[in-house]
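These notes are about the structure you will find just below.
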Amino acid sequence: MKKKNRSVVSYNKWGYIFLIPFTVTFIIFQLIPLVSTVVNSFYINYRDGLETVVKFNGVQNYVKIFTEDHVLRNFGNTMIMWIMGFIPQIVISLLFAAWFSDPSLRLKGQRFFKTVIYLPNLIMAAAFSMLFFTLFAQEGPVNNIMESIQRLFGVLKEGEAYTPYDFMAHTGSVRGLVALMNCLMWFGNTTILLLAGMMGIDTSLFEAAEVDGATSNQIFWRITLPILRPILIYVMITSLIGGLQMFDVPQILTNGSGQPNNTSMTLIMQLKAHLYSKNYGVGGALSVILFFITGILSLIVFKFNGRTDEYGKA
């Protein structure tokens, strides 16, 4: 028995050894920067001649963010654009996943279509934003197509000049373009995740439901969706975290201005502005606020979508 216990202990040490690389990486690249950000959020950085002075500022950085930096407005902008992109994204992903996982449809070329819908996820967001910026410019192809359609249906008479629509000057169009880009880039990844969950469901459940006379809609709402709930929670939380960190698409599309009238300014764009001006204290305070917002919203999503039993316990 003693030899057996010794062998178990000797094998257990390898588990701790294999954890060392992750632990060291986590401490150096995540834990230390996190603690440093929290500490810096209580200091102010300003120039005094050629020197940069760091001075303790207490909670004044947090007060400044809520009173002067319009953090609530930018948070609202971020959430609106995320919701506008996430709702069609999850609907389209559920439809595609249901079609691809339904053996009765016998869809041909599934591998090809799965590859195609995932391809936008591989394109850099910067390139995607530049593409949309070019397409929806005042002299871009979209305005040219709109002019051709209006002339074709007689909306514009012969010789009448066409006034191009400025997509970047209207709140709805800018937010819609940001949401559309996020939806197109991420619905393929979401589809793959949901498809993997659907293919893992025991087919005997579907067969039993069909024998009992259940329709395809009833099977989807009563069997598929409840079983997919853990994956849906995962998708929603990860998408929410990514939405709160939205930066590259609106930054490039609006050239960092958050136009029109800062209605497309996100929290990370606001953070970038502080870091660019070397105001690390306010930037650190905004990062801490963003950390707590992300944690609170993730807990809310998990709480309202978590499975509960007959006694109301998770």
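Here is a yes/no grid of residues against (1) closer than 30 Å to G200 by Cα; (2) surrounded by 11 or more Cβ atoms within 10 Å (Cβ to Cβ):
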residue: T23; (1), (2): no, yes
residue: V54; (1), (2): no, yes
residue: N61; (1), (2): no, yes
residue: I80; (1), (2): no, yes
residue: I83; (1), (2): yes, yes
residue: I90; (1), (2): yes, yes
residue: P103; (1), (2): yes, no
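Condition check ((1) aromatic (F, W, Y); (2) surrounded by fewer than 17 Cβ atoms within 10 Å (Cβ to Cβ); (3) more than 23 Å from F113 (Cα to Cα)) across all residues:
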residue: F136; (1), (2), (3): yes, no, yes
residue: V142; (1), (2), (3): no, yes, yes
residue: F153; (1), (2), (3): yes, yes, yes
residue: A196; (1), (2), (3): no, yes, no
residue: G200; (1), (2), (3): no, yes, no
residue: A208; (1), (2), (3): no, yes, yes
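Taking the condition touching a residue at least 12 places away in the same chain (Cβ under 8 Å), in a helix (DSSP H, G or I) and either of a type in the set (F, W, Y) or within 19 Å of G188 (Cα to Cα) (or both), does I219 pass?
no
With the requirement that a residue be over 30 Å from G243 (Cα atoms) and hydroxyl-bearing (S, T, Y), what does the stretch 180-227 give you?
Just the residues of the stretch 180-227 that are over 30 Å from G243 (Cα atoms), to begin with: 202-219.
T203, S204, T215, S216 - these are the residues of the stretch 180-227 that are over 30 Å from G243 (Cα atoms) and hydroxyl-bearing (S, T, Y).
Could you list, in sequence order, all residues of the stretch 63-78 that are surrounded by fewer than 18 Cβ atoms within 10 Å (Cβ to Cβ), in contact with a Leu (Cβ under 8 Å, 6 or more places away or on another chain) and modelled with pLDDT of 90 or more?
Result: F75, single match.
Residues in the stretch 115-142 that are touching an Asp or Glu at 6+ places or on another chain (Cβ under 7 Å) and in a loop (DSSP other than H, G, I, E, B): how many?
Summing the residues that are touching an Asp or Glu at 6+ places or on another chain (Cβ under 7 Å) and in a loop (DSSP other than H, G, I, E, B) in the stretch 115-142 gives 1.
Hey, among the residues in the stretch 1-51 that are in contact with a Gly (Cβ under 9 Å, 6 or more places away or on another chain) and polar (S, T, N, Q), which one's modelled with the lowest pLDDT?
Of everything passing the filter in the stretch 1-51, N45 is modelled with the lowest pLDDT.
Pick from S277, S298: which is exposed (fewer than 15 other Cβ atoms within 10 Å of the Cβ) and at pLDDT below 90?
Numbers: S298 fails: exposed (fewer than 15 other Cβ atoms within 10 Å of the Cβ).
So the residue among S277, S298 that is exposed (fewer than 15 other Cβ atoms within 10 Å of the Cβ) and at pLDDT below 90 is S277.
Considering (1) in contact with a strand residue (DSSP E or B) (Cβ under 9 Å, 6 or more places away or on another chain); (2) of a type outside the set (D, E, K, R); (3) more than 28 Å from I296 (Cα to Cα), say which one Y16 fails and leave the rest.
(1)
Every residue in the stretch 81-103 that is aromatic (F, W, Y) and within 13 Å of the chain's Cα centre (by Cα), please.
W82, F86
S36 passes all but one of (1) of a type in the set (S, T, N, Q); (2) closer than 20 Å to N261 by Cβ; (3) loosely packed, with under 14 Cβ neighbours inside 10 Å; which number fails?
Answer for S36: the failing condition is (2).
Scan S264, S257, S287 and give me the residue that is within 25 Å of Y62 (Cβ to Cβ) and not in a helix (DSSP H, G or I).
From the options S264, S257, S287, the qualifying one is S264.
Does V178 meet the test of being among the aliphatic types (A, V, I, L, M), at pLDDT 90 or above, closer than 21 Å to T238 by Cβ and loosely packed, with under 15 Cβ neighbours inside 10 Å?
Against the criterion (among the aliphatic types (A, V, I, L, M), at pLDDT 90 or above, closer than 21 Å to T238 by Cβ and loosely packed, with under 15 Cβ neighbours inside 10 Å), V178 does not qualify.
Quick one: count up the residues across the stretch 155-175 that are of a type outside the set (D, E, K, R), in a loop (DSSP other than H, G, I, E, B) and loosely packed, with under 12 Cβ neighbours inside 10 Å.
3
Quick grid of which residues meet (1) under 30 Å from the mean Cα position of the chain (by Cα); (2) touching a residue at least 24 places away in the same chain (Cβ under 8 Å):
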residue: L105; (1), (2): no, no
residue: G109; (1), (2): yes, no
residue: Y118; (1), (2): yes, yes
residue: F133; (1), (2): yes, yes
residue: N144; (1), (2): no, no
residue: R151; (1), (2): no, no
residue: E160; (1), (2): no, no
residue: Y165; (1), (2): yes, yes
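I want to confirm something. Restricting to the stretch 225-258 and keeping residues that are among the hydroxyl-bearing types (S, T, Y) and within 20 Å of F86 (Cβ to Cβ), which single residue is surrounded by the fewest Cβ atoms within 10 Å (Cβ to Cβ)?
Here the residue is Y234.
The values are calculated or read from the model by the stated rules, or taken from the named source; none is laboratory data. Because the structure is predicted, anything quoted here is derived from the model rather than measured. Neighbour counts are summed over all protein chains in view; Cβ atoms, including those assigned to glycine, are modelled from backbone coordinates with ideal geometry.
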